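Single-structure report; data block below.
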Amino acid sequence: SFQLINFSLSASQLGNRPLEATPENIQRGLQYLRSLNAEGGTMMIEGIKAALDFPHDPERLRFVCFLTDGFIGNEAEILGEVHKRLGASRIFSFGVGSSVNRYLLDHMAKVGRGTVAYLGSRDEGAKVMDAFFTRISYPGLTDIALDWGGLQVSEVFPRFTPDLFVGRPVIVTGRFQGEATAPIRVTGKVAGQRLDFSVPVDQETTAAHKALPSVWARMKIADLSDESTYAPNPELPDQIKQVALDYGLMSAFTAFVAVDSSQQTAGAEG
């Protein structure tokens, strides 16, 4: 089933519910698209509300694809509405041209547990669109859940595990204590069917990788930064700054000072 929503200063749609993808309805949708004209401003917030407020069919995985060629502001308001209304939907954003708000489209896809793609002036439109729809049409694994095999795991990021799509790995980090008494078990759905498999745990090898704490810290900073865009909290800047200082990382509230010691000036305190 499908539905088409046009948004400018306001939002309009082909119907008040998703339509079955029959040949007749597809032709009806194409005629609706041909009747549209570019006009007014680009109020994406109205399109967001219209798309995510449809009643959800629990037997289907809903993909909401946002396509725009305009620069859209009010990022905090839009991301807040996405976070509040997303439910079981997935959001895929698609920017056309050189003037789109990439920060917004990237974060819409991230908060919406989807992916993002762009079509530039020198790109081949059909090729980019085909790759985009191929990726979103065949998710490798959805509704992913992790059983940590007895490990006491905390502060897992991202907080909501995204779906696995071809060519887009899913990376999950967390802090753990204790010892694994069993392999980590990963469950999810493929084409509506449940899939369950195990991943062996090698804690000695894990402990030897000194860079892993920084990887986790970067993902925590990214998660807190995302949260600050849709759920303002005066404590978040201090939390981000403290993680950055503890792990020696760059953030919006920290910086590095580079000192060049390759040359020494003359004098007692050169």
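A few notes on this one:
- For V201, the stated conditions hold: it is farther than 30 Å from Y103 by Cα and assigned to a loop (DSSP other than H, G, I, E, B).
- Selection count, region 131-156, where residues are assigned to a strand (DSSP E or B) and closer than 16 Å to G114 by Cα: 4
- Residue in region 209-218 that is of a type in the set (K, R), open to solvent by less than 80 Å² (accessible area, probe 1.4 Å) and either within 21 Å of H107 (Cβ to Cβ) or more than 19 Å from the chain's Cα centre (by Cα) (or both) present: no
- Per the listing G149, G140, the residue uniquely over 13 Å from the mean Cα position of the chain (by Cα), open to solvent by less than 50 Å² (accessible area, probe 1.4 Å) and at positive phi is G149.
- Any chance P200 is more than 27 Å from the chain's Cα centre (by Cα) and either open to solvent by 60 Å² or more (accessible area, probe 1.4 Å) or more than 30 Å from A131 (Cβ to Cβ) (or both): yes
- Take the conditions (1) touching a strand residue (DSSP E or B) at 6+ places or on another chain (Cβ under 7 Å); (2) at pLDDT below 80; S12 misses just one of them, which is (2).
- In a residue-by-residue description of region 157-165, the property of being open to solvent by 80 Å² or more (accessible area, probe 1.4 Å), part of a strand (DSSP E or B), under 26 Å from R135 (Cβ atoms) and at pLDDT below 90 applies to no position.
- From the list R135, R168, R175, the one residue that fits, being surrounded by 11 or more Cβ atoms within 10 Å (Cβ to Cβ), touching a Ser or Thr at 6+ places or on another chain (Cβ under 7 Å) and over 26 Å from L86 (Cα atoms), is R175.
- Complete set of residues in region 232-270 that are of a type in the set (G, A, S), open to solvent by less than 40 Å² (accessible area, probe 1.4 Å) and not in a helix (DSSP H, G or I): S251
- Of the residues in region 182-197, none is open to solvent by less than 70 Å² (accessible area, probe 1.4 Å), touching a residue at least 40 places away in the same chain (Cβ under 8 Å) and closer than 13 Å to Q152 by Cβ.
- In region 43-91, the residues that are in a loop (DSSP other than H, G, I, E, B), open to solvent by 60 Å² or more (accessible area, probe 1.4 Å) and more than 23 Å from R17 (Cα to Cα): D69, F71, N74
- Pairs meeting the criteria (first residue in region 8-19 and touching a residue at least 24 places away in the same chain (Cβ under 8 Å) and more than 13 Å from E39 (Cβ to Cβ), second residue of a type in the set (F, W, Y) and surrounded by fewer than 16 Cβ atoms within 10 Å (Cβ to Cβ), beta carbons under 7 Å, at least 6 apart or on different chains) are P18/F2.
The values are calculated or read from the model by the stated rules, or taken from the named source; none is laboratory data. Being a predicted model, the structure only gives us computed values, none of them experimental. Don't worry about glycine lacking a Cβ; one is built from the backbone with ideal geometry, like all the others, and counts go over all protein chains shown. The accessibility values were calculated without ligands, DNA or RNA, using every heavy atom of the protein model including side chains. Shrake-Rupley method; radii C 1.70, N 1.55, O 1.52, S 1.80 Å.
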